[in-house]
Amino acid sequence: MTSRFAISAAAAMLLLGTAGAAFAQSASTVGTGAGSAGASGSSGVVGTGGSAAAGGTSASSLGLGAESNTPSASSSSLGTGGSAAAVNGHVMSHSGVHGNQNLSGQSMDQAHQPGGVWSKSHTVTHDRRGELTSRTKSMSHEPGGPPAKSTSGSSVNLGQ
């Protein structure tokens, strides 16, 4: 009788452990930025990125902006992108950069599974003549609890 109880208890613990793992959701983000200014010019870079995953879905996005200035010329660049995946659901992934002297970029990435399981990540990056900013928010959700969320932002002012 004792061994039957031990086997039943072990099976119940295994089942509970498996059920708890079904609600694994995560979201993480990171950001960085640096700048320098002197008599010969200024330069800076800023970037953020993140990812989220839950129940067969995942999404990630990132953005990076850079600017360099001298007394006679200036240049800037901005890039953004992301991805989304779902085992048995719908995905959406859009990225774009707009502007000429002031650059703006955005990446929106989402994955949805039936039953309310989803992951998404959204990054917005700007280069506005000496003011570099980037922000990423990532979230994931499985029914039965609150969503996992993470947000990171970074900015650099080149003092122009």
Give me the 1.4 Å probe accessible area per residue for the chain, excluding ligands and nucleic acids, in Å².
56
Measuring from centroid to centroid over Cα atoms, what is the spacing of segment 44-93 and segment 103-158 in Å?
9
Between Arg129 and Asn100, how many nm apart are label points set 7 Å from Cα along the C-beta direction?
1.3
Kindly express, to the nearest 10 degrees and within the range 0 to 90, the angle between helix 2-21's C-alpha long axis and the longest C-alpha principal axis of the chain.
20
In a shell of Cβ-Cβ distance under 14 Å around Asn100, excluding Asn100 itself, what net charge do Lys and Arg (+1) and Asp and Glu (-1) give?
0
For the chain, what class follows from the C-alpha gyration tensor (a ≥ b ≥ c being the square roots of its eigenvalues): rounded when a/c is under 1.5, otherwise prolate if a/b is larger than b/c, else oblate?
prolate
Which ³J(HN,Hα) values in Hz, rounded to whole numbers, follow from the phi angles of segment 118-129 under the Karplus curve 6.51 cos²θ - 1.76 cosθ + 1.60, where θ = phi - 60° and Gly and Pro get x?
8, 9, 8, 9, 9, 10, 10, 10, 10, 10, 10, 6
Which percent of the accessible area of segment 47-122 is formed by carbon and sulfur heavy atoms (probe 1.4 angstrom)?
54
In percent, what relative contact order does the chain have, based on Cα pairs under 8 Å that are 6 or more apart in sequence?
25
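The values are calculated or read from the model by the stated rules, or taken from the named source; none is laboratory data. Note that this is a predicted model, so its numbers are computed, not measured. Every residue, glycine as well, gets a Cβ built from its backbone with ideal geometry; the counts of neighbours run over all protein chains shown. Ligands, DNA and RNA are excluded from the accessible area calculation, which covers all protein heavy atoms including side chains. Shrake-Rupley method; radii C 1.70, N 1.55, O 1.52, S 1.80 Å.
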